[in-house]
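Values in this text are rule-based calculations from the coordinates and carry no lab data. As the structure is a prediction and not an experimental result, all values here were calculated from the model. Reconstructed Cβ throughout: ideal geometry from the backbone, glycine too, with neighbour counts over all protein chains shown.
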Ligand code: E4P
């Protein structure tokens, strides 16, 4: 890949849904706005269901890459969990936290051709380490950085700059998306993927002037002679 074109002239921007709720995933698929799924332990806890059962259902929907997160903190435990989740199908992407043991695990999994998503990334240099470990995706958490008065999207901009400088293959998956402006900024920067909560996917289509304009057109249509 040309180093100037990383993430710029490749595929179109992908929308993943950030959810472990099978109903929401089905709805996003029906909208044609789901190119993949990301889950995390908190999202799984909200379902009140066993993760293995949920993961099998999500994979059966064939929504594209599905991130399943390990919870072990040591290399051996992470690899064990990674193998368990990878066995659910080749759509599964093993989500690994951005800690030293996690980076070691990502390197080993990448050598085994198991896809990885390095999560809980809060700085451009952390993202550089994820790319050097051979991660398939890196997930910078923009909303959580904004929450502590830092600029989440500025982090994404720097990650994209670094990856383009060296033509790293790791895809930038903008995570912790809270509102449509995050999606707009991610698209303008040429991020590969945004993982978006279902509520925000719905907000993307909404505009009060669209609703008002439609109401007016329908009212005026009533005045048009029909025969
Ligand atoms: C990403 O993969 C995470 O699941 C998610 O985006 C975290 O978002 P939050 O900060 O809204 O919990």
Given (1) within 21 Å of residue 139 (Cα to Cα); (2) within 17 Å of the chain's Cα centre (by Cα); (3) touching a residue at least 12 places away in the same chain (Cβ under 8 Å); (4) part of a helix (DSSP H, G or I), identify the lone condition not met by residue 104. (2)
Residues of the stretch 58-81 satisfying the condition of being surrounded by 14 or more Cβ atoms within 10 Å (Cβ to Cβ), within 20 Å of the chain's Cα centre (by Cα) and more than 16 Å from the ligand (Cβ to nearest atom): 59, 61
Restricting the search to the stretch 35-57, which residues are surrounded by fewer than 18 Cβ atoms within 10 Å (Cβ to Cβ) and farther than 21 Å from residue 118 by Cβ? 45, 46, 47, 48, 49, 50, 52, 53, 56, 57
Can you find, within the stretch 141-167, the residue that is farthest from residue 96 (Cα to Cα) among those that are part of a loop (DSSP other than H, G, I, E, B), more than 14 Å from the ligand (Cβ to nearest atom) and free of Cβ contacts under 8 Å to residues at least 40 places away in the same chain? 149
Name the residues in the stretch 168-199 that are surrounded by fewer than 18 Cβ atoms within 10 Å (Cβ to Cβ) and near the ligand (Cβ under 10 Å from one of its atoms), would you? 178
Only residues that are part of a helix (DSSP H, G or I), away from the ligand (no atom under 16 Å from the Cβ) and surrounded by 14 or more Cβ atoms within 10 Å (Cβ to Cβ): list them for the stretch 83-100, please. 84, 86
